[in-house]
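Below is one structure; the comments refer to it alone.
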Amino acid sequence: MAEHTCGLIRLQLLVSPTFGASLVAIYTRATFLAAASALLLVACGGSTTDPVTPPPGGTDVATVTVSPGDQSAASLGVTIPLTAVLRNTQDEVVQGQAVAWTRRGTGAVQVNTSGVVTTVANGTDTVVATSGGKSGFAVITVQQVPAAIALTTNNPTLTVLGGSTAVTGAVRDANNRTIVGAAITWSSSNSAALPVSPTGVVTAARPGSAEITATAGALSAKVNLSVQLSSPVGGPLLGAEIPCQGGTAGPFPCQGVNLVSFLPVSGLGAGQGITLNDIWGWTDPVTAKEIVIVGRRDGAAFVDVSDPLRPDFLGFLPITPGANPNVWHDVKVYKDHAFIVADGAGPHGMQVFDLRRLREHAGVPRTFTPNTTYTQINSAHNIAINEATGFAYIVGASGGGTTCGGGLHIVNIQTPATPTFAGCFSDPFTGRAGTGYTHDVQCVNYKGPDAARVGREICFGSNETHLSIADVTSKTAPIAISRATYPQVAYTHQGWLTEDQRYFLINDELDEQQFGGAGTRTLVWDVADLDDPVLVGQYFGPTNATDHNHYIRGTRMYTSNYQYGLRVVNVGNPLAPTQAGFFDTAPNLANVAGFGGSWSNYPYFASGIIVVTSQAEGLFILRMP
């Protein structure tokens with residue numbers, strides 16, 4: 001049928017002028033020719049598209065060439081379109097043949113079925129195009145080139161000295177892909193405050209701020225970090241002594257006592273909920289540096305106060321593993337070693353720490369372990385050391401071990417690394433439980449006015465209900481010399497000898513709460529006759545704030561007076577003490593009977609500074625002009 005139609009149309013076009021004329025009338029010549037050709041093609045089974053003419057050399061593939069050939073890429077995630085050109089034996093292009101794309105090598109790229117390559121790793125791969133048994137190749141080399149450094153940190157503001165944060169650095173290529181293994185060098189613009197480790201860990205060493213810089217080759221990036229400390233009385237006060245003028249030193253009420261510097265509890269490496277307690281000092285015999293050991297609920301902090309305007313937190317000794325954080329710690333020093341006990345702590349023992357290790361400080365606060373731990377006691381309330389003999393007197397022991405009734409647990413520490421038990425003493429006629437419990441004690445080689453006792457080792461114990469005096473020269477056979485009590489005894493807490501050893505001044509921790517009265521009471525004992533101590537006076541302070549630890553240096557008694565802060569009393573005439581000055585470390589408290597505020601102080605540094613702990617506030621460095 002098609003052949004018949006095709007022949008008729010040809011015949012009409014050739015022999016019929018009328019048929020042709022009618023088409024010309026409708027179309028232009030060009031249109032006519034095109035229409036006629038289309039009509040013939042359709043009628044005769046043809047197509048309006050020119051047919052593909054096979055190349056003379058045939059369609060068998062002789063070669064495959066990958067275009068545009070070998071390539072290099074400087075970033076990951078880059079796409080490179082490749083094309084396979086197929087040719088026959090006559091070097092003519094062959095079209096319409098299927099091409100298979102594959103790769104081999106290090107895994108630097110991926111290639112899809114259309115020949116599109118994506119860079120995925122550094123390395124070199126060969127991309128293979130295969131058709132008709134023939135293959136072509138293109139070598140793709142991927143080597144990321146650094147274009148930028150991206151920095152991140154989760155904690156740009158550190159709030160505790162000794163705390164740290166990691167600054168993460170990633171070297172990126174131009175396509176923002178990380179270059180794995182790219183080396184980064186770290187630096188800090190203020191390494192005294194915020195030193196940075198080779199791995200980008202930044203530690204809070206002092207209050208301040210710093211720009212942390214990451215460098216990779218010619219590239220660099222920066223991030224700003226800061227150390228911001230706080231307390232109930234504000235942030236740190238450093239760098240300039242604040243004189244007591246007009247009754248205040250900065251925000252702190254005072255009289256005759258200057259504020260040299262202040263470091264909040266967080267400046268001693270303590271987090272939220274941690275408070276301070278006891279304090280003692282050590283002067284390095286080699287460097288002459290003045291170091292304080294500060295009790296925390298969870299251990300002990302070491303602070304270099306040699307530059308008192310800028311105290312430097314050196315590190316922290318945690319409580320014994322298995323012990324419980326607690327309110328009470330006490331520390332004393334002998335032969336360059338700190339001896340630390342804790343009360344209500346469970347199996348804490350007596351930690352012994354070689355303070356000479358602090359010479360290794362390299363700017364970053366450290367966490368330490370003790371050199372040894374004496375385990376013949378568990379918990380203990382306090383410790384005293386007679387440096388002249390090398391014996392320690394642990395008091396208020398409880399919870400296991402050799403408690404000695406809570407009296408004196410005597411330890412030979414002449415070789416600090418190997419403390420050994422030496423004996424017990426308690427006076428069962430003192431204390432609340434009838435065991436001779438001692439809350440605090442001072443032990444000395446006696447040189448006072450009682451001639452019969454000169455040269456003996458004498459301990460003056462504050463035993464809850466009594467002053468207890470004992471001769472402990474023989475550690476295996478100590479002797480109770482005397483005991484004495486006083487009116488309105490509530491809790492005989494702690495006391496200290498005048499430097500001539502004629503008087504012993506005691507504080508009662510609970511009498512202000514139980515009995516009220518005219519002010520904070522200090523009891524003055526004449527101990528010229530150790531067999532017969534006599535209460536010869538009572539001194540009342542200007543407020544009713546509870547008194548805690550006090551120490552005497554020269555003619556001054558330095559009293560940590562809880563809510564009232566540090567109180568300095570002139571005891572040049574112990575029978576008529578007078579207040580010489582004060583510094584209120586907790587101005588937000590009401591200076592009434594109760595707790596909170598200053599726990600203890602240490603006034604014995606050669607520099608003349610007075611270091612004071614205030615429980616929730618922090619470490620105060622003070623000076624009397």
Lysines with Cα under 18 Å of Lys222, excluding same-chain neighbours fewer than 8 positions away: none
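Quick check for you: with a 1.4 Å probe and neighbouring chains kept, what is the accessible area per residue of the chain, in Å²?
I get 42 Å² per residue for this part.
Over all directions, what mean area does the Cα convex hull of the stretch 200-294 project, stated in square nanometres? Before the final figure, lay out each step's value.
On the way: hull surface 40.0 nm².
Taking a quarter of the hull surface, the average projection is 10.0 nm².
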Pairwise label distance in nanometres, Thr578 with Asn175, each label 7 Å out on the Cα-Cβ vector: 8.6 nm
Folded to 0 to 90 degrees: helix 29-43 orientation relative to the chain principal axis, Cα: 90 degrees
Nearest-20 debye value, the chain charge dipole, Cβ charges on Lys, Arg, Asp, Glu: 1700 debye
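Expected output is a single nm value to one decimal: the length gained when fully extending between Thr473 and Val116, i.e. 0.36 nm times separation in residues minus the C-alpha distance. What is it? Walk me through the numbers on the way to the answer.
Values: separation 357, 0.36 × 357 = 128.52 nm, distance 9.42 nm.
Net length gain for the segment: 119.1 nm.
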Backbone N under 17 Å from the Thr415 label point (7 Å along Cα→Cβ), restricted to the stretch 335-368: 335-337, 352-354
Label-to-label distance, nm, for residues given as Ser189 and Thr168 (7 Å Cα→Cβ offset): 2.5 nm
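What does the charge dipole of the stretch 410-459 about its Cα centre add up to, to the nearest 20 debye, if the Cβ of each Lys and Arg holds +1 and the Cβ of each Asp and Glu holds -1?
Details: 4 positive and 4 negative charges, 13 e Å.
About 60 debye.
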Net lengthening on full extension, Gln488/Ala433 (0.36 nm per residue, minus Cα-Cα): 18.0 nm
Radius 15 Å from Cβ of Gln563, net charge of other residues (Lys, Arg +1; Asp, Glu -1): -4
Whole-Hz couplings from phi, Karplus 6.51/-1.76/1.60, listed for the stretch 511-518; x for Gly and Pro: 5, 5, 6, 7, 10, x, x, 7
Cut-off 13 Å between beta-carbons: net charge of the residues surrounding Phe339, Lys and Arg +1, Asp and Glu -1: -3
Computed FRET value (nearest 0.05) for Arg356 with Glu499, which takes r as the C-beta separation and R₀ as 30 Å: 0.55
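Over the chain, what percent of the accessible surface lies on carbon and sulfur atoms, probe 1.4 Å?
53 percent
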Between helix 17-26 and the chain: long-axis angle, C-alpha atoms, 0 to 90°, nearest 10: 30 degrees
Set of aspartates and glutamates near Lys332 by C-alpha distance (under 16 Å), chain-local residues within fewer than 8 positions excluded: Asp278, Asp284, Glu290, Asp343, Asp354, Glu387, Asp440
Residue list for the stretch 449-490, given a label point 7 angstrom along the Cα-to-Cβ vector of Val536 and an amide N cut-off under 15 Å: 449-451
FRET efficiency estimate (nearest 0.05) - Cβ-Cβ, Ala148 to Thr106, R0 30 angstrom: 0.75
Contact order normalised by residue count of the chain, Cα under 8 Å, 6+ apart, percent: 8 percent
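For the chain, what is Rg from Cα atoms divided by 2.2 N^0.38 Å, rounded to two decimals? Display every interim value, and only then the final one.
Numbers: Rg = 45.1 Å, N = 625, 2.2 N^0.38 = 25.4 Å.
Its radius of gyration relative to the 2.2 N^0.38 Å reference: 1.78.
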Cα Rg, Dmax (largest Cα-Cα span) when computed across the stretch 459-591, Å: 14.9, 50
For a label point 7 Å along the Cα-to-beta-carbon line of Thr375, residues of the stretch 316-343 with backbone N under 20 Å: 318-325, 339-343
Label-point separation in nm, Thr79 to Leu510, each point 7 Å along Cα→Cβ: 8.3 nm
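The values are calculated or read from the model by the stated rules, or taken from the named source; none is laboratory data. For clarity, every value in this text was computed on a predicted model and none was experimentally measured. Using ideal geometry, Cβ is built from the backbone for each residue, glycine included, and neighbour counts are taken over all protein chains shown. Areas reflect the complete protein model, heavy atoms only, side chains present, ligands, DNA and RNA absent. Shrake-Rupley method; radii C 1.70, N 1.55, O 1.52, S 1.80 Å.
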